[in-house]
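A.B. asks: Once you've had a glance at the structure underneath, I'll fire off some questions.
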Amino acid sequence: MERRGRFLSIPWSPHPDPPPAGTTELRLHCTLTAEGMELARVDVRETASQVFVTVLARWAPAAAPGGAASEVAAAPASRKREATATLREPLGERTLVHAPHDAPPPQAPPHEAVPHDDPPR
């Protein structure tokens, strides 16, 4: 069965904050901001001076009643997620950059977000 939905960039924070300079694995905390969201992936782009991180959630508003979306709505604490991003080399003195996020704030209707369509196959 093909999974449909849209990708939304969501806010995140490093843990610990700030991450140690010697780390090659960033631990990221994020919160799914709407019913029907699931953590999809973490994208990392590295340069000599910066590390760009984007956390993407898949939003599928037509999730079946009683499924994962209903469980998320019933238990807001369960919306918190942790992800790990692996770096090619230690963070060092590079700046950690949050990609702009387009997810709605908690409790806001998902239609306020600016979605990214799934890439064509």
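Rule-based calculations on the coordinates, nothing more; no lab input. The structure presented is a predicted model; accordingly, all values stated were derived computationally and were not measured. No Cβ is skipped: glycine too gets one built from the backbone with ideal geometry, and neighbour counts run over all protein chains shown.
A.B. asks: Determine, for 84, 33, the number of other Cβ atoms within 10 Å of each Cβ, and report the residues in order from fewest to most.
C.D. replies: Values: 84 9, 33 22.
In order of increasing Cβ crowding within 10 Å: 84, 33.
A.B. asks: Let me check the size of the stretch 1-52 from its C-alpha atoms; what are the radius of gyration and Dmax in Å?
C.D. replies: Taking only Cα atoms of the stretch 1-52, I get Rg and Dmax of 14.0, 43 Å.
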